[in-house]
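**Student:** Let me begin by handing over the structure; questions about it come next.
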Amino acid sequence: MTGVANWLNQGAALPLALIGLPLLGGVIAWLLGKRYALQVAAVLVFGLANIFLSLALFLGGGADVTLPFAGYGFEGHFVAGGMSSVLLVFTSVVAFLLARYSVSYFKGDTRGGVFLLFYFVSIGFVNGALLSSNLPVMLVFWEGLLVCMGVLLLLGNLEKPRAAIKMLWISGVADLLLMLGVIVTIRVSGQSDIAAMGRLPVEGLGAYGCALMLLGAMGKAGAMPFHSWIPLAAEDASSPFLAVFPGSLEKILGIGLSIQIVTRIYDVRPGSAMSTLVLVIGAVTLLFGVSMALIQKDMKRLLSYHAISQVGYMLLGVGSCLPVGMVAALFHMMNNALYKSGLFLTAGAIERRTGTTDLRHVGGLGRAMPVTMTCFVIFGLSISGFPGFNGFFSKELVFDAALESGVVYYIVALVGAVMTAISFLKLGGAAFFGTLRLPRGIKQVREVRAGMYLPAVVLAALCVFFGAGNRLVDQWLFQPALGLTESFAGWPENWVLVALSVAALLLALADHLYGRKKTGGALGSADHIHHAPGLRQAYALAETGKLDPYNWLVAAVGGFSRVCQWVENGVSWVYDKGVPGLIGGASKLLHRGVNGSLTRYLLLAVAGFAGVLILFLLILL
Amino acid sequence: MTVLQWIPHLFLALPMLALIVNNVIPRARIRTTTIAMSATVAGAQMLLALAGVFLLVESGESAVRFGMIWDAGKNVGYFQTDLVSMFLLMCVGMVALASALTALTTIDDHRGSYTNLLMVMMLGLNGMLLVRDLFSLYVFLEVTGLASFVMIGMYKSTRDLEGAFKYLALSALATIFILTGLSFLFIKAGSLAFDALTPALFSGAGDGSTLLCWAALVLLISGYSIKSGVAPFHSWLPDAYESADTAVSIMLSGIVTKIAGVYSLLTLTRLFDGIAPLKTVLALLGMFTILVGALLALAQKNFKRIAAYSSVSQMGYILLGFAAGTNLGILAGLLYLFSHSAAKSAFFTNAAALEKQLGTLNIDEMGGLQKRMPITSGSSVVALLSTAGVPPFAGFWSKLMVLLALWSAGLKGYAAFALIASILTGAYFLRLQKKVFFGKPNPRWDAVVEITGGIRVSEILLTIVTVAVGLVFPLLLLYLQRAGLI
Amino acid sequence: MNVTTVMLVSGLILILAGCIELIRTHHMLKIIIGLELAIKAISMFLTLGGWLNGNIALAEAFVVTVIVLEVVVATVLSGIAISIYHKHGNMDIRNLRNLKG
Amino acid sequence: MNIAIYVCLGCMLVFGVFSAASRKLIISAVALAVVSAALGVLMYVLGAHTAAIFEVSVCSGLVTVIFISAVSLSNGDKQIEAQDVAVPARKRRFLPAILIGAGAILMIVAWLTGFSVGTPAAAVSGANFNDVFWETCQADIFGQMVALIAGASAIVVFFKESENE
């Protein structure tokens, strides 16, 4: 294995193949759109090739490739090593599973081919972004990913592309911030290569650069206030899209870059203002996301709010700026990618069979879809942090890091854990347990095909493995990724924290049982929180979008645009009427001047002669 | 004698031979054959000159000299060809080929003189490029002009004759200007050979004959400007192009004004390198020309007239390139000349196709012809994009080089102006495309079909040249750089 | 004030006269006369140049060439003018107004 | 020698201006022929013997012939002359006045500034016209040949080939 990797490592082949192969795979999968079997084969071949290449790179000890063309700060410098190789391997595995799922999900759907095309292209871009050591080149890949997402969202709802527009706006702003940050960083450091940055001090201009870059990276991951397109996308986009982008790829890129910024590009100290910024954003994101998730009645929307809230945990880890925090963030990010995409896959399975994920219309599917249910239970236990599952271990690390940063962050994290557990008890209870409820027109439901449940099963297995074998995972992945010698794996040493976590879970169970008893069903088990005095009004505001910064922005933009209307009108008059009028007028005048008279032609020529003469005299005298 | 020494002889011998053959054989019955013969001569010239360019670069010599037949023994060399003239000889061949191919369709059976005149014109153009004496340059200029007058008036329709006469009257003025200038230079220098004409002629301050030299420069610039159709000397040009048969318009627009006018101006700048007002005046004339040509093109209704004014406007860019004065500038101007020759010839072949199939050239009556005439439409779009300077066509690169040359020569204001004026180029061509090939189809043309024969071949050929040269342009630049030319 | 200056000035006057004639006239054939008049003066300049530089033979060659060329130009011009005469019945350049704009 | 030059110049000026100002085409042409003859003499005086012969024979001869033929081809000269009547006689008197004025001003300026283009070279090259013409100017001879072919083609086109609107 290592031999092969070394052989491949001779030139630029491996990193470039990682970027190029997915693009090729996408095109092939797209062209094979109508032949299901061949499409599955193509996805398998290219997905496995991607895994193989990443593994070869990871096991072969990385690579450092510089392409022979450069200019204007753009340099094709690709480095695989440490975090980037680890993330590449992880991404390739998740991407492979999701691709396999997507093929089956879109079977018989014309949009499938296009989805696969852009999906694979996105993977190529993610690989490129992870590999590129040059900041401007990395930005190019980020923008490519943005475009792919935009197109896919657009295809999700062509008639009313509000999600696509919102996404492009919000992610565009985030990327703009990142871009500004990159520019400032390049200016501060004098060069554009991450590998050569060497922890710039966070002061003066560098502080702005760091803040801007962090905001951009966090925005990519979906933190507040760059989150609000995700719930909207949950209504328009397909489950595979949600699993792929908000579920995994965006988090991998965003959190990966955040860790890079904090540990490699800038020298962010624990307790500094920058650290506080990240911690506060993380805490707010966590609380907001999870409380909004609590009251959702649609499975996809609920999960999408969790996709936001989980970012909060990761940011609490990153913001602590401690080694344990970094491990926590990385671990939680990977866990989240596993169980959150898994959850979206189960939602997709339900959607595939019943045509909806609205829990008011569908529920109690446990008997009909046993495999899906089993997977869901494992994912649910993982995300709730049930002791022994992967989410538990990463959350304990986050708690550790949060406690070091300040007790208030720890409390927020704990409250978040309680509410997460409540919402998943509600979700699981409503969707899979109790009496079978089906939408009108559907008489019975079967388990989905193997092509759709197997990826979920593998993801569930990975969840269990990341939990049970967290020592191995730590040794294999996190230590090389972060360059640590210390191990943070194993059962938490602080028993008090574990006890508090278990207590939180028990509290959640108690609340669930109370709510269930009050409303007589799992679906309404969180309604008492929804309708609690004070919270009800807040929720109403949030649900109508009054708390959405995007909407504030839109309103502000509307006002601003009205103010600027007359300026705009004036300028556009110049462009629409003024300049063309001037040109047209001059043209007409000259046109009329050429009246066909030979005498006039000759006189014009003589005038030209006189003009040349005068010019000569002017220049010479 | 090497191949390289033989090639230049053929530029004079081949058209002369064609002339003799054409007049020995009774013409009336074999019109197509004679035109095909002239096409062969033109094509041969193009290939020979192309080979000559490479051979000359490879040989490392700056020029090849040769004499007439009766001078074979003395070997003094009264003609010479260097890289610039070899390159332009290739352009002459290319445009003459396009013209002859078009003529296969457009020239009727009673125009037996077309081949004769085309050969005379080629002889005149080749002669201009081969001589090394300002007076001989004038002689061949006049020859070219004579052939042009007759060719424009060939059909003897009212419009033809009018165009020809206007050209002739302006040319008469140009002749007076040029000859007066030449005689002034002769008074000072005692010779009109290129070797005798140096910037040193202008240095004797206070001397009467130096004053005459300055006057000569003004007169020569004005005279050559009339020939090249630079604004405000351009008025004859649209009339002549519009009235002439399209095969003739191709020649006039594609190469005659370029060689007769612009090459002469280039010769002036090369001879009197370093005379400051010369370049400034050329640059100003170039700017004025770009503006006036583009503005007038915007108001036209006739397809050929738009192309004609576009020719005027594009001439300005070539002048700007030459005005930069550096090697890069001259090269840029020449390459611009080449890409414009190809694009404008394509435009006029399109005009021939439209006139042949539609019977009109009024763009208001056209519309939606893209479906009916896809090849013509495609070729015209390529020519448009090339002229407007859109990558990757030949025009883009040459325009870029002109801008770079201006910029590096410190004429930044001119460069900026040239760039902005490109928008006008785009504007009038888009207007043309919209009205002719796109837009609402006119039901009147439902039965129209695509052109066939020589015109189609010519269209395809020129489009291929434009695209291919655009694609290999970076290689060309590398080659030139290796040859030490830029 | 020597003889060459006088010749130059007289030549310039002749050229001016030729140009004015060429521009002012409404008659096609008179354009040739204007042109020829200017050419006469130019022939004189060329001869003068040869005389001044002691290279009269070269000047002669130039003059001969110019004469031949101008004869051909005159032929072509009268050919066009007569063809136009067949169209319009006169040789007025004011008839040439079909092409414009 | 100078006197001969001045006389010839005077002749040329008078008949040249007369030719330009004349209303009648034939008279213009004849005056032009006289200018040509005077120029021939001038050339002879300056030593350009061959050019002088050409000037007198070709120009005053051939050009006049062309004019006469043009005039006769176009059916009499009445109509031709009638065209220039449109320009009032009063206006055409300005032309000689302008020319004489311009000449006078030029003369005065040249006299005041001491303008001079130099004197005839002492060393006259002994080059023979034939040698120079056939060697140094061989490109010009070739050009003349081609120009004559162009002229022949012009005659074919304008007098032989049929019309086509």
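The values are calculated or read from the model by the stated rules, or taken from the named source; none is laboratory data. Note that the structure is predicted; figures quoted are calculated from it, not measured. Heads up, the Cβs are rebuilt from the backbone with ideal geometry, glycines too, and the neighbour counts pull from every protein chain shown.
**Student:** Residues to consider are A:332, A:361; find the one that is in a helix (DSSP H, G or I) and out of contact with any Cys (no Cβ under 7 Å at 6 or more places or on another chain).
**Tutor:** Only one candidate passes the filter, namely A:332.
**Student:** For the range A:327-347, does any single residue satisfy the condition of being over 29 Å from residue A:85 (Cβ atoms) and small (Gly, Ala, Ser)?
**Tutor:** Yes, the range A:327-347 contains at least one residue that is over 29 Å from residue A:85 (Cβ atoms) and small (Gly, Ala, Ser).
**Student:** Now a separate question. Among the candidates D:98, D:141, D:105, single out the residue that is in a helix (DSSP H, G or I), over 14 Å from residue C:12 (Cα atoms), not charged (D, E, K, R) and not assigned by TED's automatic domain parsing to the domain that holds residue D:53.
**Tutor:** Sole residue among the options that is in a helix (DSSP H, G or I), over 14 Å from residue C:12 (Cα atoms), not charged (D, E, K, R) and not assigned by TED's automatic domain parsing to the domain that holds residue D:53: D:141.
**Student:** Restricting attention to helices (runs of 4 or more DSSP H) lying wholly within the range A:509-614, give those where 1 or more residues are at pLDDT 80 or above and away from chain C (no Cβ under 14 Å).
**Tutor:** A:579-593
**Student:** Quick check on my filter: what residues within the range B:134-164 are within 7 Å of another protein chain (Cβ to nearest Cβ), of a type in the set (Gly, Ala, Ser) and under 22 Å from residue B:216 (Cβ atoms)?
**Tutor:** B:136
**Student:** Criterion first (polar (S, T, N, Q) and within 22 Å of the chain's Cα centre (by Cα)) does residue B:408 satisfy it?
**Tutor:** Working: polar (S, T, N, Q): yes; within 22 Å of the chain's Cα centre (by Cα): no.
Spelling it out, it is not the case that residue B:408 is polar (S, T, N, Q) and within 22 Å of the chain's Cα centre (by Cα).
**Student:** Only one residue in C:52, C:69 is at the interface with chain B (Cβ under 8 Å from one of its Cβ atoms) and surrounded by 24 or more Cβ atoms within 10 Å (Cβ to Cβ), so which one is that?
**Tutor:** Working: C:52 fails: surrounded by 24 or more Cβ atoms within 10 Å (Cβ to Cβ).
It is C:69.
**Student:** Name the residue that is nearest to the chain's Cα centre (by Cα), counting only residues in the range B:185-197 that are within 7 Å of chain C (Cβ to nearest Cβ) and surrounded by 24 or more Cβ atoms within 10 Å (Cβ to Cβ).
**Tutor:** Only one residue fits best here, namely B:186.
**Student:** Given the conditions (1) without any contact (Cβ under 8 Å) to a residue 40 or more places away in the chain; (2) facing another protein chain (nearest Cβ under 7 Å), and given that residue C:27 satisfies all but one, which numbered condition is not satisfied?
**Tutor:** For residue C:27, the failing item is (1).
**Student:** A further question on this structure: Checking the condition more than 14 Å from chain A (Cβ to nearest Cβ) and closer than 22 Å to residue A:607 by Cβ, which residue from B:248, B:262 passes?
**Tutor:** Numbers: B:248 fails: closer than 22 Å to residue A:607 by Cβ.
Unique residue meeting the criteria: B:262.
**Student:** Turning to a different aspect of this structure: Picking from D:117, D:132, which residue would you name as being out of contact with any Pro (no Cβ under 6 Å at 6 or more places or on another chain), hydrophobic (A, V, I, L, M, F, W, C) and outside any helix (DSSP H, G or I)? Walk me through how you get there before you give the answer.
**Tutor:** Working: D:132 fails: outside any helix (DSSP H, G or I).
The match here is D:117.
**Student:** Within the range A:379-387, is there a residue that is free of Cβ contacts under 8 Å to residues at least 12 places away in the same chain, assigned to a helix (DSSP H, G or I) and buried (at least 24 other Cβ atoms within 10 Å of the Cβ)?
**Tutor:** Within the range A:379-387, one or more residues are free of Cβ contacts under 8 Å to residues at least 12 places away in the same chain, assigned to a helix (DSSP H, G or I) and buried (at least 24 other Cβ atoms within 10 Å of the Cβ).
**Student:** Does residue A:253 satisfy being closer than 21 Å to residue A:81 by Cβ and hydrophobic (A, V, I, L, M, F, W, C)?
**Tutor:** yes
**Student:** Sort out which residues of the range B:194-225 are within 30 Å of residue B:129 (Cβ to Cβ) and aliphatic (A, V, I, L, M), and write them in order of number.
**Tutor:** Within the range B:194-225, B:196, B:197, B:200, B:201, B:212, B:215, B:216, B:217, B:218, B:219, B:220, B:221 qualify.
**Student:** Do we find that residue C:35 is within 13 Å of chain A (Cβ to nearest Cβ) and either at pLDDT 90 or above or surrounded by fewer than 24 Cβ atoms within 10 Å (Cβ to Cβ) (or both) in this structure? Please lay out each step first, then the result.
**Tutor:** Numbers: within 13 Å of chain A (Cβ to nearest Cβ): yes; either at pLDDT 90 or above or surrounded by fewer than 24 Cβ atoms within 10 Å (Cβ to Cβ) (or both): yes.
In short, yes.
**Student:** Inside the range D:139-165, can you point out the residues that are among the polar types (S, T, N, Q), within 26 Å of the chain's Cα centre (by Cα) and either more than 7 Å from every other protein chain (Cβ to nearest Cβ) or surrounded by fewer than 22 Cβ atoms within 10 Å (Cβ to Cβ) (or both)?
**Tutor:** Within the range D:139-165, D:144 is the sole residue that qualifies.
**Student:** Within the range A:370-381, is even one residue within 29 Å of residue A:319 (Cβ to Cβ) and out of contact with any Leu (no Cβ under 7 Å at 6 or more places or on another chain)?
**Tutor:** Within the range A:370-381, the first condition is being within 29 Å of residue A:319 (Cβ to Cβ), and the residues that meet it are A:379-381.
Keeping just the survivors that are out of contact with any Leu (no Cβ under 7 Å at 6 or more places or on another chain) gives A:380-381.
Yes, that holds for at least one residue.
**Student:** At least 2 residues that are among the aromatic types (Phe, Trp, Tyr) in each: list the helices (runs of 4 or more DSSP H) lying fully within the range B:202-310 that qualify. Even if it seems obvious, please write down each step before you answer.
**Tutor:** Values: elements: B:208-228, B:236-243, B:246-251, B:264-271, B:276-298.
Once the helices (runs of 4 or more DSSP H) in the range B:202-310 are filtered for at least 2 residues that are among the aromatic types (Phe, Trp, Tyr), what remains is B:208-228, B:236-243.
**Student:** What residue, of A:88, A:57, A:154, A:116, is modelled with pLDDT under 80, over 15 Å from the mean Cα position of the chain (by Cα), buried (at least 24 other Cβ atoms within 10 Å of the Cβ) and not in a strand (DSSP E or B)?
**Tutor:** On inspection, the qualifying residue turns out to be A:57.
**Student:** Which of the residues that make up the range B:120-139 are over 15 Å from the mean Cα position of the chain (by Cα) and either crowded, with 24+ Cβ neighbours inside 10 Å or aromatic (Phe, Trp, Tyr) (or both)?
**Tutor:** B:120, B:130, B:131, B:134, B:135, B:136, B:137, B:138, B:139
**Student:** Only one of these conditions is not met by residue B:276: (1) farther than 21 Å from residue B:178 by Cβ; (2) modelled with pLDDT of 90 or more; (3) over 16 Å from the mean Cα position of the chain (by Cα); (4) among the hydrophobic types (A, V, I, L, M, F, W, C). Which number is it?
**Tutor:** (2)
**Student:** Collect the residues in the range D:36-51 that are at the interface with another protein chain (Cβ under 7 Å from one of its Cβ atoms) and either more than 15 Å from residue D:5 (Cβ to Cβ) or of a type in the set (A, V, I, L, M, F, W, C) (or both), keeping them in residue-number order.
**Tutor:** D:36, D:39, D:42, D:43, D:46, D:48, D:50, D:51
Matching residues to (1) among the charged types (D, E, K, R); (2) out of contact with any Leu (no Cβ under 9 Å at 6 or more places or on another chain):
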| residue | (1), (2) |
| --- | --- |
| A:388 | no, no |
| A:410 | no, no |
| A:413 | no, no |
| A:428 | no, yes |
| A:435 | no, yes |
| A:447 | yes, yes |
| A:453 | no, no |
| A:456 | no, no |
| A:459 | no, no |
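**Student:** Quick one: which of C:41, C:61, C:74 is at pLDDT below 90 and surrounded by 23 or more Cβ atoms within 10 Å (Cβ to Cβ)?
**Tutor:** C:74
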